[in-house]
Amino acid sequence: MANGHQASGIQAGRLAAPEIADNFVDLHPAYDAHEAAVAADRCYFCYDAPCMTACPTSIDIPQFIREIQAGHPTSAAKTILDQNILGGMCARVCPTETLCEEACVREAAEGKPVEIGRLQRFATDILMENGVHPFNRAPSTGRTVAVAGAGPAGLAAAHRLAMLGHAVTVYDAKPKAGGLNEFGIAAYKSTNDFAAREVEWLLQIGGITMQYGKMLGQDITLEGLSADHDAVFLSIGLAGVNALRAAGEEKSGVRNAVNFIEELRQAKDLSALPVGRNVVVIGGGMTAVDAAVQSKLLGAESVTIAYRRGREDMGASRFEQDLAASKGVSLMFNVMPKAIHGNGAVSEIELEYTSVEEGRVSGTGETTRLAADQVYKAIGQSLEGQPEALELEGGKILVDARGRTSVANVWAGGDCALGGEDLTVTAVAEGRDAAMDIHSSLMG
């Protein structure tokens, strides 16, 4: 009987524990001081820097790089964290290749940008390792704010509100804070329990009380939070997972990619985590890439990403696509799931080729089949459990430019709210900005 990566079905131990450990080391190793100095020297310190405009949190990138160049990394970290309190995680998970680094004039001139993300990590890591929290809490305002959801938007809002002197209580359905930073990104992007350590560091501001195991709509309600607090900020994320709408979707071996990533992120022993021999991931975003690459790193023999549109339409950046390919993942374009085959458990997936006309995807009638004992759904998430009183638009909570919802004294931000891209850095910006508007409202 075959063993290891050639073993049939969904099994653990396809690779030896040391090999798996090597597979899940940091995707981008941290700079040492000399490397950071050399990288910082490449910056032109542009006036009206395009990299700063491209950053959703508007970090003063030339300023913090100049501070690194001058040998003051903790000052650089303060500059970063003034605008983005989760700057350490964003340095690890931001698609800098399509944000600040794509806008870098070095990228335009030479095809090699200043490595802004790695410089940001260098500075913030030093500050956190020194146990420094560079912000002080203002005197108490006597006002209280409830934050529902301890993801990036909720944490950013809570920190800013606490810093301004408000008492904040954060409620989250999970047993720990962090949201997608803790549960939803690839393990090789955030190693050594960084997400949890960043939350612990953030809470040093004081004035923030954490309440875990509290789900909105079950354990707590919007009406109750509004009655007990002066303002409410909702950052409940997207809990629902879209269906494949393919025959046989209910078969064993078909599961949500986000659940797989969460299980992997919380696993104590990755070598004990089962994975299929032949894995197919349906989707084209970052979650699809994270699920596919990690399946390969766990020892799956064959891993394929199947996406219904062309390469240029993938939500995952070209860097992420190339990363997947470099790890042995196959990428199929213009295919969509038609049926899942197997006797109780998936053994094959049938894909239909697609054409895209005027933005609409349609099947061509031509199909192909792939061997698959594990199929992951990574085709987007949807809003679930939102209070009925809130007005929605496009399947998300409707908010104005300040983050205000249709309900008085209730704000929202992050993935659950109508707005920008579903990125950690965007969520941080929305949480921070909503907090400033909440403060203005409470103190006006």
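General remarks:
- Conditions (1) over 30 Å from residue 279 (Cβ atoms); (2) in a helix (DSSP H, G or I); (3) polar (S, T, N, Q); number of the one not met by residue 406: (2)
- Among the residues of segment 23-59, those identified as part of a loop (DSSP other than H, G, I, E, B), closer than 30 Å to residue 413 by Cβ and open to solvent by less than 30 Å² (accessible area, probe 1.4 Å) are 49, 55, 57, 59.
- Listed by first and then second residue, the pairs with beta-carbon distance under 9 Å, at least 6 apart or on different chains, first residue in segment 210-233 and touching a residue at least 12 places away in the same chain (Cβ under 8 Å) and part of a strand (DSSP E or B), second among the acidic types (Asp, Glu) and surrounded by 15 or more Cβ atoms within 10 Å (Cβ to Cβ), are 210/172; 211/172; 212/172.
- Positions within segment 82-108 being in contact (Cβ under 8 Å) with a residue 24 or more places away in the chain, hydrophobic (A, V, I, L, M, F, W, C) and open to solvent by 10 Å² or more (accessible area, probe 1.4 Å), in sequence order: 85, 91, 93, 94, 99, 100, 103, 104, 105
- Check on residue 77, of a type outside the set (Val, Ile, Thr), in contact with an Asp or Glu (Cβ under 8 Å, 6 or more places away or on another chain) and open to solvent by less than 20 Å² (accessible area, probe 1.4 Å): no
Yes/no per residue for (1) more than 24 Å from residue 257 (Cβ to Cβ); (2) open to solvent by less than 10 Å² (accessible area, probe 1.4 Å):
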site	(1), (2)
168	yes, yes
174	no, no
186	no, yes
192	no, no
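- Of the residues in segment 426-440, not one is in a loop (DSSP other than H, G, I, E, B) and closer than 21 Å to residue 241 by Cβ.
- Meets criteria (under 25 Å from residue 176 (Cα atoms) and open to solvent by 30 Å² or more (accessible area, probe 1.4 Å)) for residue 336: no
- Once segment 60-74 is narrowed to residues that are part of a helix (DSSP H, G or I) and surrounded by fewer than 18 Cβ atoms within 10 Å (Cβ to Cβ), the residue that is farthest from the chain's Cα centre (by Cα) is 66.
- Of everything listed in (1) in contact with a helix residue (DSSP H, G or I) (Cβ under 7 Å, 6 or more places away or on another chain); (2) more than 30 Å from residue 23 (Cα to Cα); (3) among the hydrophobic types (A, V, I, L, M, F, W, C), the single unmet condition for residue 339 is (1).
- Being more than 23 Å from residue 285 (Cα to Cα), of a type outside the set (Ser, Thr, Tyr), crowded, with 24+ Cβ neighbours inside 10 Å and modelled with pLDDT of 95 or more is a property that does not hold for residue 413.
- Residue identified as more than 18 Å from residue 375 (Cα to Cα), in a helix (DSSP H, G or I) and at pLDDT 95 or above among 263, 198: 198
- The residues listed here are 264, 234, 297, 222; of these, the one that is open to solvent by less than 20 Å² (accessible area, probe 1.4 Å) and touching a Pro at 6+ places or on another chain (Cβ under 7 Å) is 222.
- Residue within segment 119-133 that is open to solvent by 40 Å² or more (accessible area, probe 1.4 Å) and acidic (Asp, Glu) present: yes
The values are calculated or read from the model by the stated rules, or taken from the named source; none is laboratory data. Just so you know, these numbers come straight off a predicted model, no measurement behind them. All Cβ positions, even for glycine, are placed from backbone atoms using ideal geometry, and neighbour counts span all protein chains on display. SASA here: full protein model, heavy atoms, side chains in, ligands and nucleic acids out. Shrake-Rupley method; radii C 1.70, N 1.55, O 1.52, S 1.80 Å.
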